[in-house]
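Below is one structure; the comments refer to it alone.
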Amino acid sequence: RWDRIISLEFERFVAIDWTGAAGERHRAIAVAEADARGGPPRLIVPQRPWSRAEVLALVEGWRDRGERVLVGVDMCFGLPFADAGAYFPGEASPTDARALWREVAEICAADAHHAAPSYVAHRRQHFWLGAADGPRHERARLRVAERLDQARGNTPSSAFVLLGAAQCGKASLAGMRLLDALDGVAVWPFDLPPVTGPGIVEIYCRLFAQMGGARGKLRSRAALDAALVMLGSAPCGDMMPEAFDDHIGDALISAAGMRAIADDPRFWSPPTMTPEVAATEGWTFGLA
(Lines give C-alpha, C1' and ligand atoms only; values in the text may rest on other atoms or scores of the structure.)
Protein backbone atom coordinates (compact mmCIF):
# COMPACT_ATOMS: atom_id res chain seq x y z
CA ARG A 1 0.00 0.00 0.00
CA TRP A 2 1.35 3.37 -1.03
CA ASP A 3 -0.14 5.01 2.09
CA ARG A 4 2.37 3.07 4.20
CA ILE A 5 5.26 4.78 2.45
CA ILE A 6 6.83 7.53 4.50
CA SER A 7 9.02 10.29 3.21
CA LEU A 8 12.20 8.84 4.72
CA GLU A 9 11.91 5.83 2.40
CA PHE A 10 12.61 8.13 -0.53
CA GLU A 11 16.01 9.72 -0.94
CA ARG A 12 14.76 12.59 -3.09
CA PHE A 13 11.57 14.17 -4.36
CA VAL A 14 11.70 15.29 -7.98
CA ALA A 15 9.09 17.50 -9.66
CA ILE A 16 8.86 17.82 -13.43
CA ASP A 17 6.98 20.69 -15.05
CA TRP A 18 6.03 19.07 -18.35
CA THR A 19 4.89 20.08 -21.83
CA GLY A 20 3.24 18.56 -24.87
CA ALA A 21 4.42 21.22 -27.31
CA ALA A 22 5.86 20.32 -30.69
CA GLY A 23 9.61 20.22 -31.12
CA GLU A 24 12.56 18.49 -29.52
CA ARG A 25 13.73 20.84 -26.75
CA HIS A 26 11.56 22.91 -24.44
CA ARG A 27 12.27 25.70 -21.99
CA ALA A 28 8.84 24.88 -20.54
CA ILE A 29 10.24 21.64 -19.07
CA ALA A 30 11.80 22.23 -15.66
CA VAL A 31 13.10 19.62 -13.23
CA ALA A 32 13.76 20.23 -9.53
CA GLU A 33 14.61 18.00 -6.60
CA ALA A 34 14.31 18.19 -2.81
CA ASP A 35 16.50 16.03 -0.58
CA ALA A 36 14.60 13.94 1.98
CA ARG A 37 17.05 15.11 4.65
CA GLY A 38 15.98 18.71 4.22
CA GLY A 39 17.40 21.88 2.77
CA PRO A 40 16.10 23.98 -0.11
CA PRO A 41 14.96 22.41 -3.37
CA ARG A 42 17.33 22.83 -6.31
CA LEU A 43 17.06 22.77 -10.07
CA ILE A 44 18.48 19.94 -12.14
CA VAL A 45 19.89 21.98 -15.00
CA PRO A 46 20.74 20.33 -18.34
CA GLN A 47 23.37 21.66 -20.72
CA ARG A 48 20.60 22.53 -23.18
CA PRO A 49 16.83 22.86 -22.66
CA TRP A 50 15.28 19.53 -21.73
CA SER A 51 13.89 17.15 -24.31
CA ARG A 52 11.20 14.65 -23.36
CA ALA A 53 13.58 11.84 -24.36
CA GLU A 54 16.14 13.13 -21.84
CA VAL A 55 13.54 13.22 -19.07
CA LEU A 56 12.65 9.61 -19.88
CA ALA A 57 16.35 8.68 -19.74
CA LEU A 58 16.71 10.49 -16.40
CA VAL A 59 13.97 8.37 -14.79
CA GLU A 60 15.29 5.20 -16.42
CA GLY A 61 18.68 5.94 -14.89
CA TRP A 62 17.20 6.12 -11.40
CA ARG A 63 15.40 2.84 -12.10
CA ASP A 64 18.53 1.10 -13.33
CA ARG A 65 20.51 2.26 -10.29
CA GLY A 66 17.70 1.41 -7.87
CA GLU A 67 17.59 4.96 -6.52
CA ARG A 68 14.68 5.76 -4.22
CA VAL A 69 13.21 8.83 -5.91
CA LEU A 70 9.58 9.94 -5.86
CA VAL A 71 8.95 11.62 -9.22
CA GLY A 72 6.01 13.98 -9.76
CA VAL A 73 5.01 14.94 -13.30
CA ASP A 74 2.65 17.86 -13.94
CA MET A 75 0.15 16.13 -16.26
CA CYS A 76 -2.94 13.93 -16.19
CA PHE A 77 -2.17 10.21 -15.98
CA GLY A 78 -5.66 9.33 -17.22
CA LEU A 79 -8.64 10.77 -19.04
CA PRO A 80 -12.19 11.23 -17.71
CA PHE A 81 -13.95 7.87 -17.47
CA ALA A 82 -16.31 7.78 -14.49
CA ASP A 83 -18.71 10.44 -15.81
CA ALA A 84 -19.62 8.44 -18.93
CA GLY A 85 -18.37 4.93 -18.14
CA ALA A 86 -15.79 5.19 -20.93
CA TYR A 87 -12.96 7.38 -22.14
CA PHE A 88 -14.62 7.76 -25.54
CA PRO A 89 -18.37 7.11 -25.32
CA GLY A 90 -19.82 5.66 -28.49
CA GLU A 91 -16.49 4.23 -29.65
CA ALA A 92 -14.45 1.19 -28.82
CA SER A 93 -11.91 2.46 -26.32
CA PRO A 94 -9.46 1.25 -23.67
CA THR A 95 -10.89 0.03 -20.38
CA ASP A 96 -8.11 1.14 -18.04
CA ALA A 97 -5.30 3.65 -17.90
CA ARG A 98 -2.48 1.32 -18.85
CA ALA A 99 -4.40 0.23 -21.95
CA LEU A 100 -4.94 3.91 -22.74
CA TRP A 101 -1.20 4.64 -22.48
CA ARG A 102 -0.50 1.69 -24.76
CA GLU A 103 -3.00 2.89 -27.35
CA VAL A 104 -1.55 6.42 -27.30
CA ALA A 105 1.97 5.04 -27.70
CA GLU A 106 1.02 2.75 -30.58
CA ILE A 107 -0.91 5.38 -32.52
CA CYS A 108 1.80 8.01 -31.96
CA ALA A 109 4.79 5.76 -32.61
CA ALA A 110 5.83 7.83 -35.62
CA ASP A 111 5.26 11.22 -33.95
CA ALA A 112 8.57 12.96 -33.37
CA HIS A 113 10.03 13.83 -29.98
CA HIS A 114 7.46 11.94 -27.87
CA ALA A 115 4.64 14.29 -28.85
CA ALA A 116 1.15 12.92 -29.56
CA PRO A 117 -0.64 14.84 -32.34
CA SER A 118 -1.67 11.60 -34.08
CA TYR A 119 -3.78 10.61 -31.11
CA VAL A 120 -5.71 13.86 -31.23
CA ALA A 121 -6.40 13.19 -34.90
CA HIS A 122 -7.42 9.60 -34.11
CA ARG A 123 -9.96 10.65 -31.46
CA ARG A 124 -10.70 14.04 -32.96
CA GLN A 125 -14.43 14.26 -32.15
CA HIS A 126 -13.72 14.06 -28.41
CA PHE A 127 -11.25 16.95 -28.24
CA TRP A 128 -12.02 20.67 -28.32
CA LEU A 129 -9.63 22.83 -30.33
CA GLY A 130 -11.70 25.96 -30.81
CA ALA A 131 -15.07 27.48 -31.62
CA ALA A 132 -15.50 25.35 -34.75
CA ASP A 133 -15.94 22.35 -32.43
CA GLY A 134 -19.03 23.90 -30.83
CA PRO A 135 -19.53 24.87 -27.18
CA ARG A 136 -16.39 24.25 -25.16
CA HIS A 137 -18.22 22.91 -22.11
CA GLU A 138 -19.70 20.00 -24.08
CA ARG A 139 -16.26 18.43 -24.46
CA ALA A 140 -14.59 19.77 -21.30
CA ARG A 141 -15.09 16.60 -19.29
CA LEU A 142 -13.40 16.31 -15.90
CA ARG A 143 -12.10 13.39 -13.88
CA VAL A 144 -13.32 12.70 -10.35
CA ALA A 145 -10.21 14.32 -8.83
CA GLU A 146 -10.71 17.41 -10.97
CA ARG A 147 -14.35 17.71 -9.98
CA LEU A 148 -13.25 17.60 -6.33
CA ASP A 149 -10.71 20.33 -7.04
CA GLN A 150 -13.41 22.37 -8.80
CA ALA A 151 -15.77 22.01 -5.84
CA ARG A 152 -13.09 23.61 -3.68
CA GLY A 153 -13.07 26.75 -5.78
CA ASN A 154 -10.32 25.99 -8.28
CA THR A 155 -10.64 25.87 -12.07
CA PRO A 156 -9.04 22.64 -13.27
CA SER A 157 -8.50 22.15 -16.99
CA SER A 158 -10.02 19.30 -18.95
CA ALA A 159 -7.57 17.08 -20.79
CA PHE A 160 -10.00 17.13 -23.72
CA VAL A 161 -9.58 20.90 -24.16
CA LEU A 162 -6.50 21.57 -26.29
CA LEU A 163 -6.66 25.33 -26.72
CA GLY A 164 -5.51 28.05 -24.33
CA ALA A 165 -2.61 28.74 -22.00
CA ALA A 166 -4.05 26.55 -19.23
CA GLN A 167 -4.72 23.49 -21.40
CA CYS A 168 -3.11 20.29 -20.16
CA GLY A 169 -4.27 17.77 -22.75
CA LYS A 170 -1.29 17.86 -25.11
CA ALA A 171 1.14 17.50 -22.21
CA SER A 172 -0.89 14.63 -20.77
CA LEU A 173 -1.00 12.68 -24.04
CA ALA A 174 2.75 13.16 -24.53
CA GLY A 175 3.26 12.08 -20.93
CA MET A 176 1.27 8.90 -21.48
CA ARG A 177 3.88 7.91 -24.03
CA LEU A 178 6.48 8.43 -21.29
CA LEU A 179 4.52 6.30 -18.82
CA ASP A 180 4.04 3.50 -21.34
CA ALA A 181 7.77 3.46 -22.07
CA LEU A 182 8.84 3.27 -18.42
CA ASP A 183 9.03 -0.48 -17.86
CA GLY A 184 9.75 -1.46 -14.30
CA VAL A 185 8.77 1.85 -12.70
CA ALA A 186 5.79 1.87 -10.32
CA VAL A 187 3.12 4.47 -11.13
CA TRP A 188 0.68 5.56 -8.42
CA PRO A 189 -2.16 4.66 -8.00
CA PHE A 190 -2.11 2.04 -10.77
CA ASP A 191 0.70 -0.17 -9.44
CA LEU A 192 1.93 -1.59 -6.17
CA PRO A 193 4.51 0.65 -4.45
CA PRO A 194 8.10 0.12 -5.52
CA VAL A 195 10.28 -2.22 -3.49
CA THR A 196 13.31 -0.45 -4.87
CA GLY A 197 13.90 2.30 -7.38
CA PRO A 198 11.65 5.26 -8.21
CA GLY A 199 7.92 5.75 -8.06
CA ILE A 200 5.92 8.21 -10.16
CA VAL A 201 2.93 10.32 -9.18
CA GLU A 202 0.76 12.86 -11.00
CA ILE A 203 1.01 16.38 -9.66
CA TYR A 204 -0.49 19.80 -10.30
CA CYS A 205 2.13 22.40 -9.45
CA ARG A 206 -0.61 24.89 -8.61
CA LEU A 207 -1.73 22.80 -5.62
CA PHE A 208 1.69 23.00 -3.96
CA ALA A 209 1.91 26.74 -4.57
CA GLN A 210 -1.46 27.08 -2.85
CA MET A 211 -0.26 24.97 0.07
CA GLY A 212 2.55 27.49 0.39
CA GLY A 213 0.08 30.36 0.52
CA ALA A 214 0.94 31.66 -2.95
CA ARG A 215 -1.54 33.23 -5.33
CA GLY A 216 -0.68 32.97 -8.97
CA LYS A 217 2.60 31.92 -10.48
CA LEU A 218 5.90 31.99 -8.61
CA ARG A 219 8.30 34.09 -10.65
CA SER A 220 10.34 35.86 -7.97
CA ARG A 221 12.78 34.68 -5.33
CA ALA A 222 10.87 36.51 -2.61
CA ALA A 223 7.55 34.85 -3.46
CA LEU A 224 9.14 31.43 -3.88
CA ASP A 225 11.03 31.61 -0.59
CA ALA A 226 7.93 32.70 1.30
CA ALA A 227 6.00 29.73 -0.08
CA LEU A 228 8.84 27.33 0.67
CA VAL A 229 8.97 28.43 4.30
CA MET A 230 5.21 27.86 4.57
CA LEU A 231 5.84 24.28 3.42
CA GLY A 232 8.50 23.76 6.07
CA SER A 233 11.37 24.00 3.62
CA ALA A 234 14.53 26.04 3.77
CA PRO A 235 14.38 28.95 1.29
CA CYS A 236 16.45 28.97 -1.88
CA GLY A 237 17.89 32.38 -1.12
CA ASP A 238 20.93 33.31 -3.20
CA MET A 239 20.75 29.99 -5.06
CA MET A 240 18.13 31.66 -7.27
CA PRO A 241 18.10 34.99 -9.14
CA GLU A 242 15.58 37.61 -8.12
CA ALA A 243 13.29 36.72 -11.07
CA PHE A 244 12.88 33.58 -13.17
CA ASP A 245 10.48 31.70 -15.43
CA ASP A 246 7.28 30.41 -13.84
CA HIS A 247 8.09 26.83 -14.95
CA ILE A 248 11.13 26.98 -12.69
CA GLY A 249 9.04 28.23 -9.79
CA ASP A 250 6.49 25.46 -10.40
CA ALA A 251 9.12 22.74 -10.29
CA LEU A 252 10.88 24.05 -7.18
CA ILE A 253 7.72 24.53 -5.10
CA SER A 254 6.39 21.14 -6.18
CA ALA A 255 9.55 19.27 -5.18
CA ALA A 256 9.36 20.85 -1.73
CA GLY A 257 5.62 20.25 -1.56
CA MET A 258 5.93 16.57 -2.40
CA ARG A 259 8.49 16.20 0.36
CA ALA A 260 6.20 18.00 2.82
CA ILE A 261 3.20 15.70 2.31
CA ALA A 262 4.79 12.36 1.42
CA ASP A 263 4.38 10.89 4.88
CA ASP A 264 0.69 11.85 5.18
CA PRO A 265 -1.52 8.82 4.34
CA ARG A 266 -4.46 11.08 3.39
CA PHE A 267 -2.76 11.99 0.15
CA TRP A 268 -2.03 8.37 -0.79
CA SER A 269 -5.56 7.10 -0.14
CA PRO A 270 -8.08 9.93 -0.73
CA PRO A 271 -11.57 8.78 0.28
CA THR A 272 -13.18 9.48 -3.10
CA MET A 273 -10.56 7.56 -5.06
CA THR A 274 -12.37 4.26 -5.51
CA PRO A 275 -10.56 1.24 -7.01
CA GLU A 276 -12.38 1.88 -10.30
CA VAL A 277 -11.28 5.52 -10.38
CA ALA A 278 -7.74 4.54 -9.44
CA ALA A 279 -7.55 2.07 -12.32
CA THR A 280 -9.06 4.26 -15.03
CA GLU A 281 -8.52 7.94 -14.17
CA GLY A 282 -5.76 8.00 -11.60
CA TRP A 283 -5.46 10.81 -9.09
CA THR A 284 -3.53 13.97 -8.33
CA PHE A 285 -1.01 13.60 -5.51
CA GLY A 286 -1.68 16.48 -3.13
CA LEU A 287 -5.49 16.39 -3.49
CA ALA A 288 -7.35 14.70 -0.64
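Just a few scattered comments:
- Net charge dipole, the stretch 166-288: roughly 320 debye, given to the nearest 20, about the Cα centre with Cβ charges of +1 for Lys and Arg and -1 for Asp and Glu.
- Each residue, Ala28 and Met239, gets one label point 7 Å from its Cα in the Cβ direction; the gap between the two is 2.7 nm.
- Overall form of the stretch 29-125 per C-alpha gyration tensor (a/c, 1.5; a/b vs b/c): prolate
- Dipole magnitude of the stretch 165-225, debye to nearest 20 (Cβ charges: Lys/Arg +1, Asp/Glu -1, about Cα centre): 540 debye
- Alpha-carbon gyration tensor eigenvalues x 5, square-rooted, for the stretch 110-165, Å: 23, 15, 10
- Positive dipole terminus of the chain, leading residue within Leu228, Leu70, Leu182 (C-beta point charges): Leu228
- Angle between the chain longest axis and helix 97-107 axis [Cα atoms, degrees, rounded to 10]: 70 degrees
- Zero-based 5 Å bins, Cα pair distances in the stretch 77-142, whole percents: 3, 16, 23, 27, 19, 10, 2
- Portion, in percent, of the accessible area of the chain that falls on carbon or sulfur, probe 1.4 Å: 53 percent
- Restricting the calculation to Cα atoms, the stretch 153-208 yields a radius of gyration followed by a Dmax of 13.7, 40 Å.
- Panel values: the stretch 169-282, Kirkwood radius from alpha carbon pairs, Stokes-Einstein at 20 °C and 1.002 mPa s, translational diffusion coefficient 136 µm²/s.
- Under a model in which nothing but the beta-carbon of Lys, Arg (+1) and Asp, Glu (-1) is charged, the chain shows a dipole of about 440 debye around its Cα centre.
- Computed over the chain, the ratio Rg/Rh where both radii use C-alpha atoms and Rh is Kirkwood: 0.94
- Taking the C-alpha atoms only, the angle from helix 169-181 to the longest principal axis of the chain is near 80 degrees.
The values are calculated or read from the model by the stated rules, or taken from the named source; none is laboratory data. Please read these numbers as outputs of a predicted model, since none were measured by experiment. Please note: Cβ atoms are built from the backbone with ideal geometry, for glycine as well, and neighbour counts cover all protein chains shown. In case anyone asks, the SASA skips ligands and DNA or RNA and just uses the protein heavy atoms, side chains included. Shrake-Rupley method; radii C 1.70, N 1.55, O 1.52, S 1.80 Å.
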